[in-house]
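Everything on this sheet refers to the single structure shown next.
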Amino acid sequence: MATDTFDPASADAAGEGQLTLEDRVELLRAMLLMRGLEERAMSLYRQGKVPGSFYDGFGQEAVSAGAAFAMAAEDRLCILHRDLAAHLVRGVAPARILSQYLGRAAGVTRGRDGNVHFGDRELGCVGMVSMLPDMILVATGMAMAFKLRGEARCALTWFGDGSTSRGDFHEALNWAGVQRLPVVFVLENNQYAYSTPLDKQFAVDPVERAAVYGGAGVKVDGNDAEAMFEAVRVARALAVGGGGFTLIEAETMRMHGHAAHDDMKYVPKEQLEQWRARDPIDRQEARLDALGVDVESVRGAVAAEIEAATEEALAGPMPDPASALQGVFCDGVAEPLGDGRAPWSGWQRRPA
Amino acid sequence: MVDVTMPQMGVSVAEGTIVAWHVEPGDRIAADATICEISTDKIDTEVPAPASGVVAEIAVAVGETVEVGVVLARIAVGDGADARGGNGSAPAAGPPAASAPAASAPGVSAPGVSAPAAAGPAAAGPAPAGPPGEVPAAPPPAAGGNGRARRRYSPVVQRIAAEHDIDLTQVPGTGRDGRVRKPDVLAFIERAGSGVLEDPPLHIESPYRPDPTAAPSDAGGTLSRTRRQIGEHMKRSLETAATCTTWIEADMSHVEAARASLRLTALPFVARATIAALREHPALNATLEGERYTRHADINLGIAVSLGDDGLIVPVIHRAHELSVEGLSARIRDLARRARARELTPDEVRGGTFTITNPGQYGSIMATPIINQPQVGILDLEAVVKRAVVITDAAGNDAIAVRPMTILGLSWDHRALDGVQSAQFLAGIKCHLEGGTGA
Amino acid sequence: MAILTYLQAISSALRDELRADERVLVMGEDVGTFGGAFKVTDGFVEEFGSERVMDTPLAESAIIGTAVGAAVVGMRPVCEMQFSDFISCGFDQLVNVAGKMYYRQGLAVPITVRLPSGGGFSGGPFHSQNPEAWFMHSPGIKVVAPSTAEDAKGLLHAAIRDPNPVCYMEHKHLYRRIKGEVPDGVFETPFTARIARPGSDLVVIAYGAMVHIALEATEALDGAAIEVLDLRSLVPLDEAAILDSVARCSKVVIVDEANSTCAAGAQVAALIAQHAFEDLDGPVVRVASPDVPIPFSPPLEQAVLPGVDRVREACRELLAY
C-alpha cells in the first residue's frame, strides 16, 4: 500500500469522466447550503435562540460535500461536526438541521443533543460523540460487518488532525489493516485542534501512518470538492473490492474559531489570507461559471431554501420536558441504519 | 468553659430550686454524671453534667430558686482543665479551698479560662443570668434529666401500631435494650385479638389507668373498669407464669439504725439492697414473653403504690441502679405522691424490669405476691417486727437477742428460673440489708 | 435438562445463539483458536469459523467500538473482555458511544459485553474487580449478573437478544464451582430478581457470587427464617421484588463483592430508605468490600472480600436488634 499525494489535476481530469454537470452543481449546492445554514445558525446563536455553544465548518465545506457525494445509498457514514454538507448530501432536510441547532422537537435528536451532534438513522448516518475520534472505531466495526457478510459496501468517517493523537485512531487503523476492511478514513486536517497547531500534534505526517498499519494513504486538496469526491470514489472502489482501507488526508483550513466563543487570536493573519484565496465555494463557482452555469440562480435557490427552513424551524415547538425521561432503552426491535440519499449520477449508471 | 443551667423541665416550668449539689468547686466530673439535684413544681430531678471537666464555679446555692436558663455552675473543659489537674494545684484534694464553694470559685475559674471555649459571655459577664443562647451543651431534659430511657420505634412498628390503633407503650419489647420489634407488635396484636380496637388493654406492667368516667355510683356489685382490669391482669399473670414464692428472714438492725439517722422508711433501703442483688443475679432482672427470655442491662424498678379504692399502680424508677438510698427515697416519695394525684406520665409506668410491693405498714408479715407480667420476679416487703433471735458472736458464742426482723417474700416464675437462683437472690438481698457486700 | 457448570452454561448459551442467529458473532482477545482465557469458547472456531469467533487485536476500546459499528448495521456482537478489569480501556466506547446512542438518535445498539469479574483466587488488583456499578451509573446500559448455571444461560440468551448494550457480569469464581440443572435449548431469563430462598425474619440481598455466600452464611442461622434475594439484574433493578422482600422481612442485609462506595448495594439501600421506610424494623445493613484495591496475597484478599463470617455476623446483629 503506497502513500502518495492525490493529484488535483488528475482528479479534475477524472472528475470530468465521473461527474456530470448536474453532479458538479449538486456539489456546489451542498456547499452553499452548508455555509448558508451555518451562517444562519450563527446569527440565531447571536440572537440567543441557539442554546449552548456553536461550531461550524466554514471553509471546509468541500471535504464533507465531496466525500459524501462518492458514497452509495447502502454505505454508512459517521459524520463529524465540521461536515454538515455530508448530512445534506445524505438527505437531511435543512429545517431539521436548524431545528437541531435550536433544540426543537423537530431536530434530528429531538433536542437530546445539540448542534452537529446528530445522525439520521434512516439515512445511514451515525451521530458523533464529543470524544474524538470514537466514531472511527464504529465505522471500522460497520466495515467489519460488511466484510463478514460478504457485502460490497463501505463505511466512511471523518476526524481531525488532533484525533490522530488518540489511541482509538491507532486501534482502528490497525484493526482495519489486520482485517483488511472496507472503510475510508478522512483525516480532515484543518491545521488546528482548537488552538493547538500541527507541530504540537504529531512528528510524522499522519498520512504516512496508513502504510505502517497496512492501508493506503493519500493527501488531497480538501478545499476542492471534486478532488475530494474523486479521492473517496477511488478509495471506496478499493475498499469494496477487498483492497482494505484508505486514509485520505484532506488538507484544509478552519476559517472560524473552534467554536463561536473562540476569536482565533492564535492564527496568523497571513495564514487566513492565504487560505481565504482558496475558498472551496469560490473555486467550484468559478468552475461552473466557466462551464456556463447560472451560479447566481443556484445561490438564489439555496438562499430561498434556507429562508423557508428558518421559518419552519423557528415555528416548531420545543420538546416536551416529560420526553426527557423517555427512550433511554430500546424496548422494541433494534432497527439498523437505513439507506441514505446518494445523488451522484454514477449510481444510476451502475449495473444493477 | 461550659455552663450548667437550670433546665426546662416541662413546657410550663419557669423556675427551679437547687436541692443538693453533688460536687464542689475543684471536683472533676464526667459528662452525664449528676452534678446537682433540682426541684421544680412539676418534677424533682437530677441535672447531669453537660461536659467532662473540673467544676470551676457553683453559682447558685442549695435552697435558692432561679429561672430556667440561669447558670448554676461552670465546668472547665479541655486543655485548661487537664493542665490544671496536672500541674499540682491539688484540685479536689485540698479540703480548705474546696469546702467554701462560692468563695473558691473565682480562684478556680481563672486558670481554667485558658480553654478557648471560655472566651465570650461566660468570661465577660458575671456568673448568673448567662444568656441562654450561649449554653453549649445543655442536654435536652428528656434525654437524661429524669433518668428515663428513651423509647424509639422503628418505622414498621409505628406503621403497624397506627394501622391497628395500638398504644406502643403497652407493647413489651424483646429487642436490644427492650426495643419493640416488629414480631413484638405482631404478637401483641395476636394476643389482643380483635378486641384491641374497642377496648385498649391497660399497660401490661400496670393495671392502673386513670378512669375519666369515674366510678359508677349506681354500682350494685359490678366492678369498676379499673378493678376489672386489675383482676384480668392478675388472673392472666397466674395463668401465664409458673409462680412460686420463697421467703427469707432478714435482720434489719443495720437498716433501722441508718434510716433513723436519715429519717427514711425501710423501703428505699430494701430497694437499694434489691438493686445490688439484681446486679449480682441478673437472671431476675428480666422479662419472659412467650418463649423469649430477655435479661436487661438497666434496672427499672417498679414500686407498687396503692390508690385505695381505685386499685393500685406500679410507677417505675428507670435506671434505678444509678440512685443512692436517698435518691431512691426521694424518687419513691415523688412517684407515690404524683400517682395519687394522677400526675404520672405513660413513661413513668412502663419499662419495669423488677417490682417491689410493700403493703407492710399494717403489720402483716408474709404474702404471696403476683408477678407483674412480663417480669420474672416480685419482692414483697412486709412489716419489720422485733423478735427474739439467736445470734452468734465472732467467737462463735450463741446468745438470744432482740432484733428488728422482717420476712421478705419473692414470687418468681419457674418458667424462667429455678429455686436455687431465687434463693441465692434472696440471700443476696438479706446480706446487703445486714450490712454485707452481697452474695 | 442437563447438569452444567456455570461456565458450561455460558458456553452453551453462546453456542446456541451462534447456531440460531447468523447475526451473532463472538469477538475478543484469544477467544478463537485458543478458546478463551477461561475456555468459554473452546471448540467454537471449529464449528463457526474464525470470522464469527474472532480473535481480535489486543485493544479493548476497538473491541467495543467495532462491536457498536457492527451492531448498528445489523449484527449481534458478543464481546469478551478477558477480565472485566480491562473494560476500563473500553469504557469510553461503552459509556459514551453505545450507552447514549439510542437516547440521542433512536439508534439501538444490541451488543453484549461479557465481563469475567470478581475475586477470591489471588487475581490481584487488576484481575479481581467488580466494575458493575460503573455501568449502573451510565444511562443506557443494562447490567446483569447471574449466580446460578441456569441463570447464566438464560440471562446470556436474553442479553444477546436484547436490543440494548448489556454488560453481562460472569463471576470467575463460580465458573467451575457452581453446577446446576439447566434446561436444554434456548430460553430467556427475565431481567428480574429471584428469591433464592424464601424467609420472613430478614432478607439478604445479593447478586453474583455473593448469593452463594449469603445462602451459606444464613443456612440455619439461629433458627431464623432468612430470605435470600438474588438480584440477577442490576439495570433494570427489580425494585418491586426488593420492596416486596423488605415489606415481608423488615430487616435487610445487602451484600456486594464490589467496593462499598456507590456500589449496587448502595443503590438498593437508597431505594429501601426512600420507598420502604415504613417497612423497616432496623437499620439497612451493608456488607461490601472496603474501598481498597483487591490485594493479591490470600490473607489480605480474604480480609477484604465479604465472606460467610462477615455476612453471618451482620445478620446476627440485625436479628438481635
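The values are calculated or read from the model by the stated rules, or taken from the named source; none is laboratory data. Note that the coordinates shown come from a computational prediction; the quantities given were computed from them, not determined experimentally. Glycine also receives a Cβ, built like all others from the backbone with ideal geometry; neighbour counts cover every protein chain displayed.
Total residues in region A:258-286 satisfying the condition of being of a type in the set (Gly, Ala, Ser) and under 30 Å from A:GLY48 (Cα atoms): the figure is 2. Taking the criterion of being in contact with a Leu (Cβ under 7 Å, 6 or more places away or on another chain) and farther than 16 Å from C:MET169 by Cα, the residues of region C:1-24 that qualify are C:SER12, C:VAL24.
Using the structure shown, decide if A:PHE118 is crowded, with 24+ Cβ neighbours inside 10 Å and more than 9 Å from chain C (Cβ to nearest Cβ). For A:PHE118, the condition - crowded, with 24+ Cβ neighbours inside 10 Å and more than 9 Å from chain C (Cβ to nearest Cβ) - is not met. Looking across region A:70-91, the residues that are more than 12 Å from every other protein chain (Cβ to nearest Cβ) and either surrounded by fewer than 24 Cβ atoms within 10 Å (Cβ to Cβ) or among the hydrophobic types (A, V, I, L, M, F, W, C) (or both) come down to A:ALA70, A:MET71, A:ALA72, A:ALA73, A:LEU80, A:HIS81, A:LEU84, A:ALA85, A:ALA86, A:LEU88, A:VAL89, A:GLY91. Checked against the criterion of being under 22 Å from C:PRO183 (Cα atoms) and within 14 Å of chain A (Cβ to nearest Cβ), the candidates C:LEU58, C:LEU18, C:LEU25, C:LEU14 yield just one match: C:LEU18.
Residue pairs whose Cβ atoms lie under 6 Å apart, separated by 6 or more positions or on different chains, with the first residue in region C:160-175 and more than 19 Å from C:ASP85 (Cβ to Cβ) and within 13 Å of another protein chain (Cβ to nearest Cβ) and the second surrounded by fewer than 23 Cβ atoms within 10 Å (Cβ to Cβ) and acidic (Asp, Glu), are C:ILE160/C:GLU17. Selection of region C:71-85 for residues being under 24 Å from the mean Cα position of the chain (by Cα) and either of a type in the set (Gly, Ala, Ser) or at the interface with another protein chain (Cβ under 7 Å from one of its Cβ atoms) (or both) yields C:ALA71, C:MET75, C:SER84. Which residues, taken from region B:248-280, are in contact with an Asp or Glu (Cβ under 6 Å, 6 or more places away or on another chain) and charged (D, E, K, R)? Answer for region B:248-280, where residues must be in contact with an Asp or Glu (Cβ under 6 Å, 6 or more places away or on another chain) and charged (D, E, K, R): just B:ASP251. Filter region A:121-158 for residues that are among the hydrophobic types (A, V, I, L, M, F, W, C) and within 19 Å of A:GLY103 (Cβ to Cβ); which is farthest from the other protein chains (Cβ to nearest Cβ)? If we take residues in region A:121-158 being among the hydrophobic types (A, V, I, L, M, F, W, C) and within 19 Å of A:GLY103 (Cβ to Cβ), then A:MET128 is farthest from the other protein chains (Cβ to nearest Cβ).
Annotation note: Cβ proximity below 8 Å between a residue of region B:414-438 that is over 24 Å from B:THR287 (Cα atoms) and a residue that is β-branched (Val, Ile, Thr) (sequence gap 6+ or interchain) occurs for B:CYS431/B:THR437; B:LEU433/B:VAL255; B:LEU433/B:VAL270. Comparison of C:ILE205, C:ILE226, C:ILE141, C:ILE213 shows that the only residue that is buried (at least 24 other Cβ atoms within 10 Å of the Cβ), under 20 Å from C:VAL95 (Cα atoms) and of a type outside the set (Lys, Arg) is C:ILE141. Can you list residue pairs whose Cβ atoms sit under 7 Å apart, with the first residue in region B:309-320 being under 13 Å from B:ARG338 (Cβ atoms) and the second being outside any strand (DSSP E or B) and among the small types (Gly, Ala, Ser)? Count only pairs 6 or more apart in sequence or on different chains. Filtered contacts from region B:309-320: B:ILE313/B:SER206; B:ILE313/B:ALA339; B:PRO315/B:ALA339; B:VAL316/B:GLY351; B:VAL316/B:GLY352. One residue stands out among those in region B:350-367 that are crowded, with 19+ Cβ neighbours inside 10 Å and closer than 27 Å to B:THR406 by Cβ: the one that is modelled with the lowest pLDDT, which is B:GLY360. If I filter region C:103-120 down to residues being more than 7 Å from chain A (Cβ to nearest Cβ) and of a type in the set (A, V, I, L, M, F, W, C), which single residue comes out as farthest from the chain's Cα centre (by Cα)? For region C:103-120, the residue satisfying everything is C:VAL109. Report whether or not A:GLY244 is surrounded by 13 or more Cβ atoms within 10 Å (Cβ to Cβ), at positive phi and within 14 Å of chain C (Cβ to nearest Cβ). No; evaluated as a whole, the condition is false for this residue. Can you tell me which residues in region C:199-216 are in contact (Cβ under 8 Å) with a residue 60 or more places away in the chain, hydrophobic (A, V, I, L, M, F, W, C) and within 26 Å of C:TYR168 (Cα to Cα)? Correct list: C:VAL204, C:ILE205, C:ALA209, C:MET210, C:VAL211, C:ILE213, C:ALA214.
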